[in-house]
Amino acid sequence: LIEKIVVPETWFFRDRVPFDFFARHARQHWRKRESPIRILSLPSSTGEEPYSAAMVLLDNGFARDRFQIDAVDISEHALRRAMLGIYTQNAFRGQDLRFRDYHFTPVPPDRYEIDANVRECVNFRQGNILEMDTWIAPASYDTIFSRNLLIYLDEGPRNRAVESLYRA
């Protein structure tokens with residue numbers, strides 16, 4: 001049932017503004033930080049959002065060992081696609097697609113494979129936001145990307161999800 005009702009609609013750098021803010025924040029606040037930066041992407045869907053976050057950090061001079069991105073989704077199917085790292089043209093929208101030229105390899109006839117350097121920055125796992133208190137320690141993340149999830153929840157579950165995100 002889960003695989004039938006999830007909405008896996010996403011693309012790289014969807015709504016560029018949050019990623020631009022993320023880049024500025026990383027440069028201003030994390031450049032000299034000694035401990036690794038921890039990022040959570042939930043739901044991660046087919047991987048476009050957590051991979052976009054990884055590209056932002058790599059493109060801003062952060063070495064792979066300076067950050068960790070955990071990407072969680074309830075859909076096993078979406079996670080398999082994310083870990084495969086091969087995308088169709090639909091995953092690339094917007095005016096500025098330069099990132100595709102240096103973070104992806106064309107796979108004929110019309111697909112693109114994300115580079116291993118980016119792929120290795122993201123740890124994918126299955127999970128449900130309504131159960132996240134059982135698998136995430138309090139105050140364990142510096143940034144959480146959680147877009148277009150809460151609109152699908154009723155008030156009670158939405159409030160529980162927000163509380164869990166706040167604790168994380």
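The values are calculated or read from the model by the stated rules, or taken from the named source; none is laboratory data. Here the structure is a predicted model, which is why all the values come from computation and not from measurement. We place every Cβ from the backbone using ideal geometry, glycine too, and count neighbours over all the protein chains shown. Accessible surface is based on the protein model in full, side chains and every heavy atom, while ligands, DNA and RNA are left aside. Shrake-Rupley method; radii C 1.70, N 1.55, O 1.52, S 1.80 Å.
Points to keep in mind about this one:
- Stokes-Einstein D for the chain, Kirkwood Rh over Cα pairs, 4 °C, 1.567 mPa s (µm²/s): 78
- Antiparallel DSSP beta bridges within the chain, percent to nearest 5: 35
- Carbon-plus-sulfur accessible fraction, the chain (probe radius 1.4 Å, protein heavy atoms only): 51%.
- Size check on the range 64-134: the Cα extents along the three principal axes, sorted descending, read 41, 29, 22 Å.
- Shown in residue order for the range 64-76 are the 3J(HN,Hα) couplings computed by the Karplus curve 6.51 cos²θ - 1.76 cosθ + 1.60 at θ = phi - 60°: 4, 7, 8, 8, 9, 10, 9, 10, 10, 8, 7, 8, 5 Hz (x for Gly and Pro).
- For the range 110-166, projected area of the alpha-carbon convex hull averaged over all directions, nm²: 5.8
- Helix-derived mean residue ellipticity, 222 nm - over the chain, DSSP H n ≥ 4, -39500 (n - 2.57), to 500: -10500 deg cm²/dmol
- For the chain, built as a Gaussian network whose Cα springs stay under 10 Å, the top-fluctuating residue of A82, A116, A91: A116
- Under 5 Å, built H, 5+ apart or other chain: amide partners of I37: F67, Q68
- Think of the range 1-107 as having a plus end and a minus end, set by charges on the Cβ of Lys, Arg, Asp and Glu; of F67, P43, P106, F67 sits farthest toward the positive end of this dipole.
- Karplus 3J(HN,Hα) series, Hz, for the range 147-159 with 6.51 cos²θ - 1.76 cosθ + 1.60 (x for Gly, Pro): 10, 6, 9, 5, 5, 8, 10, 6, 4, x, x, 4, 5
- Formal net charge of residues neighbouring R33 (Cβ-Cβ distance under 14 Å; K, R +1; D, E -1): +2
- The range 25-100: proportion of alpha-carbon pairs further apart than 18 angstrom, %: 46
- ³J(HN,Hα) computed for each position of the range 49-56 - Karplus, 6.51 cos²θ - 1.76 cosθ + 1.60, integer Hz, glycine/proline x: 5, x, 5, 4, 4, 5, 4, 4
- Length gained on full extension, W135 to D115: 4.3 nm, using 0.36 nm per residue less the C-alpha separation.
- Förster-model FRET efficiency, 30 Å R0, R24 and L153, C-beta, rounded to 0.05: 0.50
- Volume in Å³ per residue [convex hull over Cα atoms, computed for the range 3-66]: 87
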